[in-house]
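Structure first, commentary second.
The values are calculated or read from the model by the stated rules, or taken from the named source; none is laboratory data. Note that the coordinates shown come from a computational prediction; the quantities given were computed from them, not determined experimentally. Reconstructed Cβ throughout: ideal geometry from the backbone, glycine too, with neighbour counts over all protein chains shown.
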Amino acid sequence: MRSFSKICSVVSASALLATLVLPANAMAIELSNSSSSYGDKVSLIHHDYGKDVVIKSDISIEELQKMRDTVRDQSHQIEELKRNSGSSSSSSSKEIDDLKNKVREQDRQLDTLGRQVEDLKRNGGSSSNSASSEISSLKQKLNDQDRAMDQLKRTVEELSRKVK
């Protein structure tokens with residue numbers, strides 16, 4: 001309510017000032033000591049055909065109070081956002097730094113794995129030559145054994161025919 005009385009004082013002072021500024025013949029304003037209410041309208045000084053006149057505006061004291069409260073609330077919200085964005089930006093930068101460190105570590109691990117794959121390829125190439133020669137000799141032995149088995153089968157078949 002204190003600010004309401006300030007607004008009323010400002011309005012009353014502006015009305016008083018308007019009466020002092022206006023020529024004597026245009027003074028048709030009555031000043032009162034009674035307090036204003038929320039429905040009261042704000043008086044304005046209007047320039048009308050070379051004369052300054054006091055007129056009643058469409059803005060009420062209640063609307064001025066609401067505007068002031070809205071501005072105060074918005075300024076509090078802005079300050080809160082500034083504080084929150086400052087702390088969130090520092091936490092965001094920490095998260096970004098953590099992510100960058102993880103990416104660097106993964107890059108190092110990928111480099112290590114790449115070197116290991118290259119080593120395996122080199123070692124696999126030389127061992128595959130020896131493995132393929134071993135496989136060839138094993139295939140040769142298997143073929144020899146197959147021929148020997150076929151030879152034995154024929155021999156057994158011939159012997160079984162002779163026995164009959």
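Taking each residue of the stretch 27-43 that is within 20 Å of residue 62 (Cα to Cα) and in a loop (DSSP other than H, G, I, E, B) and looking for partners that are of a type in the set (Gly, Ala, Ser) and at pLDDT 75 or above with beta-carbon atoms closer than 8 Å, six or more apart or interchain, yields 38/60; 39/60; 40/60. Within the stretch 48-73, the set of residues being assigned to a strand (DSSP E or B) and aliphatic (A, V, I, L, M) comprises 53, 54, 55, 59. How many residues, within the stretch 57-78, are in contact with a strand residue (DSSP E or B) (Cβ under 8 Å, 6 or more places away or on another chain) and surrounded by fewer than 11 Cβ atoms within 10 Å (Cβ to Cβ)? Matching residues across the stretch 57-78 total 1.
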